[in-house]
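Notes to accompany the following structure.
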Amino acid sequence: MEQITTSLAPRAATKPSVAGTGGDPAGSVTKRLSSELMTLMMSSSPGISAFPRSDANLFDWVGTIEGPAGTVYAGLKFKIAISFPSNYPMAPPAMKFESPCYHPNVDINGGGICLDILQDKWSAVYSVQTILLSLQSLLGEPNNASPLNPDAAAIWDTPEEFKVQLLKYYRPISDEASD
Amino acid sequence: MAANVLAKQVQNKWNNSFARLNRAEPGITGLLAFSEAWRIATDFLYPRDLNDPTPRKEYSMQEVRASFEFLSRAKMLPLLMENFLEDMRKQQHLIERDINEYMAEWEAADTPDFMARLIYRLEKWYKEWSPIPELGSILLSAYTLAFQTHLYSSFPPSFSRGFKQLIASSFSFVNAPCPPWALPPEPHPSLPPGPARQDVFLWSACESLGLLDRYESLIASVCYEYIEAHVMETCAKRWHESMLTCLRGWMTDRVVPWMVMPYARGARSADEARQMLQGVGSRFDYHMCKTLCDLRLQELFDIIIEYPDSMPALQDLKECLSRVDQRNELVKSLRRANRKRLLHPGADTNSIIDQYKNTMNALRFLDPPGVLLYKVADPIRRYLRERPDTIRSIVTYLVGDGEGGEGLGNENENEPIQPLQQRQADDYNDPNWEPEPIDAGPDFRTNKPTDVISTLVSIYDSKDLFVKELQVLLAQRLLAVTDGNYEKERRNIEILKVRFGEAALQVCEVMLRDMTDSRRIDQHIQAQKQMPLHPTIVSRHFWPPLQTSMFNMPGQFKEIQEAYAKEFHLFKPDKKLHWLPHLGTISLDIELQDRTVSAEVPPLEAAIIEHFSTKDTWDVADLATEMKIERAAALKAVLTWVDLGVLKEEDTGLYKLLEVAEEASSSSNPVARQAAMEDTSSVLTVQQQEQEQMKVYWKFIEGMLTNLGSLSLARIQSMLKLAPGYDRTIEQLADFMEAARREGHVTVRDGVWRLQQ
């Protein structure tokens with residue numbers, strides 16, 4: 001995860017100038033983020049949700065993903081930390097699982113995610129909502145070709161065994177107040 | 001030795017006394033003469049029983065005078081006086097007996113004539129026993145004092161009540177001849193017969209008995225009561241004429257002549273009488289003002305209701321208030337009346353505003369600086385602020401076609417329209433500056449006399465609320481105009497612009513222009529292609545949200561809409577029409593086998609009947625699903641057609657088209673018809689808009705609780721700042737969260753909210 005974000009940063013930093021977003025980047029980013037928040041709140045996509053951690057910092061969000069029905073993740077909930085760069089949406093947000101997620105493309109220790117649209121396939125037309133939806137579908141359809149968690153990739157095809165491992169690591173979202 | 005001295009002294013004294021009485025007459029002849037004189041004098045003075053039938057002994061006045069002279073020379077007059085007073089005391093029981101007798105009669109009859117008779121009787125006693133004036137004023141005044149003392153001590157407690165009754169009845173003697181009982185029983189010796197005022201006898205009798213001084217306060221209270229009764233009787237509920245002048249006239253006609261008797265008896269000339277009456281007269285005048293003032297204060301609430309017809313009453317009150325300081329009382333009683341009669345849930349907001357308006361005018365008249373108004377109006381304003389429909393009422397009042405018919409037009413005929421006035425700090429450079437009135441409270445603010453509308457608007461801290469409500473109202477009114485005559489609305493907006501400022505009404509301006517533009521566009525499109533559709537095209541951003549509906553017009557309606565939209569797009573390529581199909585009306589001719597039904601109906605009804613052109617029988621539930629509307633709405637529309645005799649209920653929920661008319665039997669159900677005709681307004685009210693907004697905020701709350709776990713109310717409130725346009729107070733949020741809790745969406749523990757799992 002760390003290497004992903006760091007490798008992303010320099011490239012992303014060049015993008016705004018390329019795209020020509022001059023003026024007041026922070027102001028326009030805030031605007032974009034609040035409009036994304038509004039869209040996300042008003043669209044009722046089942047199983048995904050996100051919200052800024054505090055009203056003081058719009059660049060730091062917490063997201064929640066429910067495992068899609070019909071997969072081993074069904075009924076489980078995962079917390080995701082989303083951190084937006086100052087040049088968003090020219091660069092993708094940095095995302096990682098806060099709750100341990102046993103998944104071929106997720107680092108079980110750091111929570112880093114291997115998803116192409118969070119890296120080189122990122123485009124400014126994506127939004128928090130699309131990312132979360134992609135993540136949700138990634139849970140059911142991992143990319144076993146480039147695993148961050150080789151063990152998980154290895155046993156993906158035996159759901160029973162996978163489920164045992166998954167539940168071993170899984171911690172339900174505790175409701176301890178975040179304030 | 002000692003005895004000797006004592007004996008000598010006694011002898012000396014005896015000799016002196018003897019010498020005084022005998023006065024150097026030879027032998028004891030002087031003494032004899034003295035005893036004769038004493039006998040005559042005491043016998044003459046002896047208080048006799050009036051009821052004693054034996055004729056009175058005739059005295060030769062010369063003899064009597066001589067005896068008094070003799071006694072006086074012997075310096076025995078003081079002793080004589082003492083003796084006389086002692087005799088009086090012994091005879092007192094005779095008077096007492098008479099008093100008791102008369103009082104008993106009075107108590108039985110309870111009419112003042114027995115009191116009058118008692119007074120005359122007592123006067124007779126007094127005269128009977130009175131020593132002749134030649135004996136000197138000392139004896140006379142000693143006698144009067146002793147007589148009155150005895151008299152008062154023998155009055156029973158009921159006497160003062162009876163006396164009061166007598167005095168009260170004396171008012172009627174002023175202009176009318178006295179009844180016989182009020183006249184003395186026998187011709188009065190000391191007065192010439194037939195004086196101008198017959199009650200003078202009664203008053204002089206009272207005076208000689210000293211009753212006037214003793215019962216002065218009682219007499220005054222009788223007069224007070226007399227005045228009060230008159231004021232109550234003549235002035236209560238008469239607000240349409242000035243009563244004060246008429247009351248003053250009454251005082252001059254009735255009370256002053258009466259006053260002459262008890263208060264100006266000794267006056268020798270008119271001027272003297274006037275002087276004597278001045279003090280007491282102004283006391284009575286004050287009392288009259290106070291009574292009227294109290295009465296008007298009690299009635300003030302109703303007087304204000306009648307304003308401006310009750311102006312004369314206010315004029316009176318103003319004058320009285322300047323004489324009698326009842327300002328505090330006014331504030332108290334009016335506030336009480338307002339609380340009891342106005343500021344309760346049963347009162348219509350419009351009535352409250354009307355009354356407030358009248359209160360403003362009335363109290364401004366009474367007290368131009370506005371202190372009274374400020375004190376009275378405060379609770380009204382606070383109450384109005386809490387009412388949910390106040391703004392709408394005020395705005396309706398502003399635009400003015402309420403039932404009262406008092407709109408901007410009427411209000412402004414006599415006063416120029418002014419911009420809304422803001423509070424201003426005191427300008428100390430103003431040469432006309434005046435300090436605040438003495439009874440102004442600490443939070444009183446000198447407000448220059450403002451017009452009614454400014455005051456009403458100032459109930460709220462901001463005028464934005466009004467502008468918002470104004471938009472809603474304007475939208476409703478504009479959409480209701482069918483003949484294309486927007487002059488009235490234009491005029492209203494122009495007037496409101498002066499009040500609220502140009503910028504605030506910009507939106508209204510756009511709305512108005514939309515209406516005229518719609519007509520212009522429609523004319524243009526109709527010129528291109530004749531169409532039976534005449535839409536009103538509104539700019540969504542400038543109009544308050546309109547009721548939305550999901551259903552689409554079926555069949556031919558849809559075709560017409562599409563054709564129109566195409567033409568519109570040609571005319572205005574950068575704009576797109578978004579139909580609100582459920583608004584407006586449609587004139588239909590329905591051709592059936594045997595008849596043609598013409599009707600003007602809402603679009604929903606038209607859509608329903610269009611469905612029947614494809615299929616004869618429909619289930620309401622199917623119709624509802626087909627059109628994506630609620631079943632109740634569909635049923636309502638269907639019932640309209642049932643009433644018009646086009647549809648008929650075959651089975652429960654199953655309706656059939658009547659190609660051939662049936663006998664108009666009991667099929668038309670007036671109740672259902674009425675229900676169907678009750679149309680809801682097409683524009684969302686501000687309240688509905690708020691509810692809509694709250695739905696948006698709920699999404700945010702849901703979102704933050706999902707992701708952040710549990711949050712305190714304060715935290716939710718601050719996080720909601722992320723939601724665009726969030727402007728609720730934390731109290732409103734608390735109410736909302738409480739409502740959400742009741743509906744089972746959230747739970748709360750220790751002040752921390754979380755989503756219900």
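The values are calculated or read from the model by the stated rules, or taken from the named source; none is laboratory data. Since the model is a prediction, treat every value here as computed from it, not as a measurement. Because the Cβ atoms are built from the backbone with ideal geometry, glycine has one as well, and the counts that use them run over all protein chains shown. Note: areas computed on protein heavy atoms with side chains; ligands, DNA, RNA excluded. Shrake-Rupley method; radii C 1.70, N 1.55, O 1.52, S 1.80 Å.
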Discussion item. Just to verify a result, which residue in segment A:55-72, among those that are open to solvent by 30 Å² or more (accessible area, probe 1.4 Å) and within 12 Å of chain B (Cβ to nearest Cβ), is farthest from A:Gln136 (Cα to Cα)?
Written reply: A:Ala56
Response to the item:
Just one listed residue, out of A:Gly47, A:Gly111, A:Gly75, A:Gly20, is modelled with pLDDT under 90, within 14 Å of another protein chain (Cβ to nearest Cβ), farther than 30 Å from B:Ala714 by Cα and surrounded by fewer than 21 Cβ atoms within 10 Å (Cβ to Cβ), and it is A:Gly75
Discussion item. Take the conditions over 22 Å from B:Leu474 (Cβ atoms), open to solvent by less than 50 Å² (accessible area, probe 1.4 Å) and part of a loop (DSSP other than H, G, I, E, B) and apply them to B:Leu577. Does it pass?
Written reply: yes
Worksheet entry | Neighbours by Cβ (under 7 Å, 6+ apart or cross-chain): first from segment B:369-388, surrounded by fewer than 16 Cβ atoms within 10 Å (Cβ to Cβ); second hydroxyl-bearing (Ser, Thr, Tyr) | B:Arg385/B:Tyr460
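I'd like the full set of residues that are in contact (Cβ under 8 Å) with a residue 40 or more places away in the chain and either part of a loop (DSSP other than H, G, I, E, B) or crowded, with 20+ Cβ neighbours inside 10 Å (or both), limited to segment B:707-733.
B:Gly709, B:Ser710, B:Leu711
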Item to complete: Could you list all residues from segment A:121-170 that are open to solvent by 40 Å² or more (accessible area, probe 1.4 Å) and within 14 Å of chain B (Cβ to nearest Cβ)?
Response: A:Gln129
Worksheet entry | Members of segment B:622-642 found to be at pLDDT below 80, touching a helix residue (DSSP H, G or I) at 6+ places or on another chain (Cβ under 7 Å) and not aliphatic (A, V, I, L, M), listed by number | B:Glu626, B:Glu630, B:Arg631
Discussion item. Just the residues that are part of a loop (DSSP other than H, G, I, E, B), of a type in the set (Val, Ile, Thr), without any contact (Cβ under 8 Å) to a residue 60 or more places away in the chain and surrounded by fewer than 18 Cβ atoms within 10 Å (Cβ to Cβ), please, taken from segment B:622-661.
Written reply: B:Thr652
Fill in: Members of segment B:322-350 that are farther than 15 Å from B:Lys375 by Cα and open to solvent by less than 20 Å² (accessible area, probe 1.4 Å)
B:Val324, B:Leu342, B:Ala347, B:Thr349
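Can you pull out every residue in segment B:101-110 that is open to solvent by 10 Å² or more (accessible area, probe 1.4 Å) and touching a Ser or Thr at 6+ places or on another chain (Cβ under 8 Å)?
Scanning segment B:101-110 gives a single hit, B:Glu107.
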Practice prompt. Report yes if some residue within segment B:301-315 is in contact with a helix residue (DSSP H, G or I) (Cβ under 6 Å, 6 or more places away or on another chain), at pLDDT below 90 and farther than 30 Å from B:Leu384 by Cβ; otherwise report no.
Written response: no
Worksheet item: Which members of segment A:31-44 meet the condition of being part of a helix (DSSP H, G or I), exposed (fewer than 15 other Cβ atoms within 10 Å of the Cβ) and either without any contact (Cβ under 8 Å) to a residue 40 or more places away in the chain or within 9 Å of another protein chain (Cβ to nearest Cβ) (or both)?
Response: A:Lys31, A:Ser35, A:Met42
Worksheet item: Does B:Ala714 fit the bill of being closer than 25 Å to A:Ile65 by Cα and within 14 Å of chain A (Cβ to nearest Cβ)?
Response: no
